[in-house]
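The structure's right below; bear with me while I get my questions together.
Computed from the coordinates by the stated procedures, all read-outs in this text should not be read as laboratory data. Predicted model, so just to flag it, every value in this text is computed and none were measured. Glycine also receives a Cβ, built like all others from the backbone with ideal geometry; neighbour counts cover every protein chain displayed.
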């Protein structure tokens, strides 16, 4: 079975093909021609991690007459499925709306199965760093507390507070073991270990003493040894923190900020920290990619273009915590623009994350099990 | 030359032909995936290469095995989760045996009132997703540790539940055993039904007390059913993920399946599949024990199977107290969770239990962005996508049930008639193997196997038939168990007599083997039928927009926290499955108990 070798051969070939197309596209692109071709191609198939893509697709179809089928898959299911299908030469899916780009890049982009494409609106308006990979939007994740318990002030000063006795057995986080983006986010804590250690010293006036290799892993250890509560759902975390009438409510780490949409609806006493140092949480991109073998490439390009416009982004714009790279997008009422978050929050470095997330996961698994 | 040909012809008995055929087909559908999974544990995958110095993608490596079994952190990575897994699997199967066995005895052997209702209700926990019970447990018993609203128990009594009671192994075992006790109920119930009453009567004449009769006569006779229950529930306990993750996380007790999921999500399939391999090996071990311990005894239950129907034990003054107890149990673990689901679907805003909040919007409402959760989706019954997914589920379930049912008879026939040969054993064990494979892994492997044409097999990618094949393989174990037990009850002399008068194999099948045990075969189709309706992880990688099934399409609602839709779909499935079970029982005289080989 020379499956792997064959696979690598195919991959190499596809990479070359991808590069050629990418180069070609940058030079000259006749958008009118793409639109004309798109109408003759027929129904488009999209795999998406976010169910709102289906909503956008409906509006897009109504506008253009191009039918779009959306299959909703979990992050890893999407990567697994797109990868296995591409490896087998199946040409079903035309584009993906993916998360966990660290993993997806390894399996889908580096193999040449999927290529980046920058449609006109994105090329014109998006900051260049959000064009490759093309970003549909950013999601942010935050630290939060109960405002009945802390009516006047944000209780957090430093992330290291969460490792102190005051927070023992009171901090909730979605299981890092089953959350790829958490694993990516913690690699940034490893990469910026010095900043993290400096933050400890600034907070407690003494240097950080470590048994782990760096401050990022040291944090994971101390955080878990401080009896952190591991949950499986962000919804449950935000509701647990914010439910009214609690004597001793828990705190949340890294839950999605978009859950704040439910604050008025469910009368939650929930607020996110706007001062915790050195990062208010983390953000990560939802990425759009085109199949290198797409049967409906022009229709896919048109849909990608549409998702970059304000109209196309509308299904995501109805809650806080999701941000289009399109600078004309007005933030959700009460939310800050992405640029504000970007200044105060860490993202992560793709290469470093790929190399180190295994170490992060292992450190987590090692201390999570008591 | 002629004699050689004759010898060859003599060897070509139907059971031999069938055996060879099934060995080949099962070999491809069961052994190849197993082999592929095992192979993955020796390969360096893209994101794994960074932790293995000098490794390139696709290299062969021992690193995953070394990490899991021998590294400094092996205890946290593997042995502790293994220990927790074993505790859960053991606890759950024992409890499921006790609950299921007690209920079965009451329903089959006593004069307990309302038996029909109890027998129908007792299968519902298996139809409902297992997370409904886990969720119910948390709602009832949670304490301050996980915040939010008070648990109902604490709210009523003012007593705070201790952590070990609210989270971790204890509730995991309780809720899972409440989900799987129907296996024990069905299997042991079937076995009890077959006991010859004369045996008990003789014991009674000899002066044995009731406990002695139970201990010395009844329990030994149902031992095979007890072991089958143990095997089925224990294996499920090894692989289950949702409930342990949900209830174990708050007190940080993890299991082997956590390792499987964590590493698949971490894009380290080599390490992840290793956990799957261990689960399979543990299952094989239990399967082996099962064969060793009761392999010889299995037949003797059925020999006496056609004896006089046992008289019912009169419960006397215990009759009504026990009935109340059983009903209380059914209300607690079946009616209450079901009602909770119903209530969720008729509350406009979740959690506000007031009359003005009552609505049928999520069932029959128009699409609206302003009413209730503002989903912009039409109500379930008017939602064409949901309805067509539900239709796909039903078609898939019926097709799979028919195919597994027929295969169950044929494989069962081959196993029983070839008894004593290695072929029979190989078929028996191979057909059980899919039960032990974590479905998340099986789905991925089948995707890879069938996406391209291989030899005579065309690419089945994106077709409905791929879903059929995957489900058939996955639920074959149930049907084969039913087939084996059915054929075993038919003495070979019936067939031999037919051979003497010149009946062909096909005639014998048609006129003897199928009619005699008709109801058992149909029963063997019920479990695959039920299981297909609730399958998610096996199918998620394989469905396309045209072949969406109820569970996969429901994801998009769960995703956004639109639980009225999720729960409504669960309810529809429960209604359909219970309805068809009752219907088939009326039409065919089937019972799920026979289906499990009891």
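How many Cβ atoms of partner chains, on average, are near each residue of B:251-257 if near means within 10 Å of its Cβ?
For this peptide, the per-residue mean of nearby foreign Cβ atoms is 4.
Using Cβ counts within 10 Å as a stand-in for footprinting exposure, how do A:333, B:59 rank, fewest first?
A:333, B:59
Using a 10 Å cut-off on Cβ to Cβ distances, tally the other chain neighbours for every residue of A:84-96 and report the average as a whole number.
4
Something else about it: In whole percent, what relative contact order does chain B give with Cα contacts below 8 Å and a gap of six or more residues?
Working: 844 pairs, mean separation 112.1, N = 598.
Reported as a whole number, the value is 19 percent.
Most fluctuating residue of A:233, A:277, A:324 in a GNM of chain A with Cα springs under 10 Å: which is it?
Judging by the Gaussian network model, the answer is A:233.
Which of A:194, A:92, A:272 has the fewest other C-beta atoms within 10 Å, and how do the rest follow up to the most?
Details: A:194 10, A:92 21, A:272 24.
If I rank by nearby Cβ atoms, fewest first, I get A:194, A:92, A:272.
Still on this model: Let me check against my output: what whole-number percent is the relative contact order of the stretch B:75-337, with C-alpha pairs under 8 Å and at least 6 apart?
Working: 338 pairs, mean separation 86.2, N = 263.
Dividing the mean separation by the residue count of the stretch B:75-337 yields 33 percent.
Would you tell me the mean number of C-beta atoms belonging to other protein chains that fall within 10 Å of each C-beta in A:72-78, as a whole number?
Averaged over the peptide's residues, the number is 5.
Give me the one-decimal nm value for the distance between modelled label points at residue A:342 and residue B:94, 7 Å along each residue's Cα-to-Cβ direction.
Going by the 7 Å Cα→Cβ label model, 5.9 nm.
Further, regarding this structure: Under the rule a/c < 1.5 gives rounded, and otherwise a/b versus b/c splits prolate from oblate, where does the stretch B:494-534 land using the Cα gyration tensor?
It is prolate, given that a/c is not under 1.5 and a/b is the larger ratio.
Provide the gained length on full extension for the span residue B:42 to residue B:500, in nm with one decimal, where the gain is 0.36 nm per separating residue minus the Cα-Cα distance.
Length gained between residue B:42 and residue B:500: 159.3 nm.
Also: Taking only Cα atoms and a 10 Å spring cutoff, compute GNM fluctuations for chain A and point out the largest among A:347, A:180, A:89.
A:89
Rank A:199, A:100, A:267 by mean-square fluctuation in a GNM of chain A with C-alpha springs under 10 angstrom and give only the top-ranked residue.
A:267
Starting from the 7 Å offset along Cα-to-Cβ, what nm value, one decimal, do you get for the label separation of residue A:211 and residue B:197?
Computed distance between label sites residue A:211 and residue B:197 equals 6.9 nm.
On to the next question. Once you order the gyration tensor axes a ≥ b ≥ c over the Cα atoms, which shape class does the stretch A:239-368 get: rounded for a/c under 1.5, otherwise prolate or oblate by comparing a/b with b/c? Present the calculation step by step, with values, prior to reporting the outcome.
Numbers: a/c = 2.14, a/b = 1.30, b/c = 1.65.
Judged from the Cα gyration tensor, the stretch A:239-368 comes out oblate (a/c at least 1.5, b/c at or above a/b).
Using only Cα atoms, what Kirkwood radius does the protein assembly as shown have, in angstroms?
Kirkwood hydrodynamic radius for the protein assembly as shown: 30.2 Å.
Moving on to the next point. If packing is taken as the average number of other Cβ atoms within 10 Å across a peptide's residues, how do B:492-500, B:25-33 rank, most packed first? Let's see the in-between values first.
Numbers: B:492-500: 12.6, B:25-33: 17.1.
Highest mean packing first, the order is B:25-33, B:492-500.
Let me ask something additional. Helix-only mean residue ellipticity at 222 nm, chain A, DSSP H runs n ≥ 4 weighted -39,500 (n - 2.57), per residue, nearest 500. What is it?
Details: 15 runs with 163 residues, N = 370.
For chain A, the value works out to -13500 deg cm²/dmol.
May I ask you to derive the relative contact order of chain A, considering only C-alpha pairs under 8 Å and at least 6 residues apart, and to give it as an integer percent?
Relative contact order comes out at 27 percent.
By counting other Cβ atoms within 10 Å of each Cβ, how are A:99, A:41 ranked from fewest to most? Could the numbers behind the result be given before it?
Numbers: A:99 24, A:41 17.
In increasing order of surrounding Cβ atoms, one gets A:41, A:99.
For a Förster distance of 56 Å, can you work out the FRET efficiency between the beta-carbons of residue B:582 and residue B:355, rounded to the nearest 0.05?
The value I calculate is 0.95.
Order B:572-581, B:327-336 from most to least packed using the mean count of other Cβ atoms within 10 Å.
My ranking of the peptides, most packed first, is B:572-581, B:327-336.
Sticking with this structure for a sec: Label 7 Å along Cα→Cβ of residue A:61; the stretch A:277-307 residues with amide nitrogen under 15 Å?
Once the point is set 7 Å along Cα→Cβ of residue A:61, A:300, A:303 turn out to lie under 15 Å by backbone N, inside the stretch A:277-307.
Set the Förster radius R0 to 51 Å, insert the Cβ-Cβ distance between residue A:225 and residue B:388 as r into 1/(1 + (r/R0)^6), and round the FRET efficiency to 0.05. Intermediate values should be presented prior to the final figure.
Working: r = 51 Å, r/R0 = 1.00.
After rounding to 0.05, the efficiency reads 0.50.
Is the stretch B:75-337 rounded, prolate or oblate when judged by the Cα gyration tensor, a ≥ b ≥ c being the square roots of its eigenvalues, rounded requiring a/c under 1.5 and prolate requiring a/b larger than b/c?
Numbers: a/c = 2.74, a/b = 1.42, b/c = 1.93.
Oblate, because a/c is 1.5 or more while a/b does not exceed b/c.
What distance in nm separates the two pseudo spin-label positions at residue B:318 and residue A:198, each 7 Å out from Cα along the beta-carbon direction?
The answer from the label model is 7.5 nm.
Same structure again: So what is the 222 nm mean residue ellipticity for chain B from helices alone, if each DSSP H run of at least 4 adds -39500 (n - 2.57) and you divide by all residues, rounding to the nearest 500 deg cm²/dmol?
So the calculated ellipticity at 222 nm is -20500 deg cm²/dmol.
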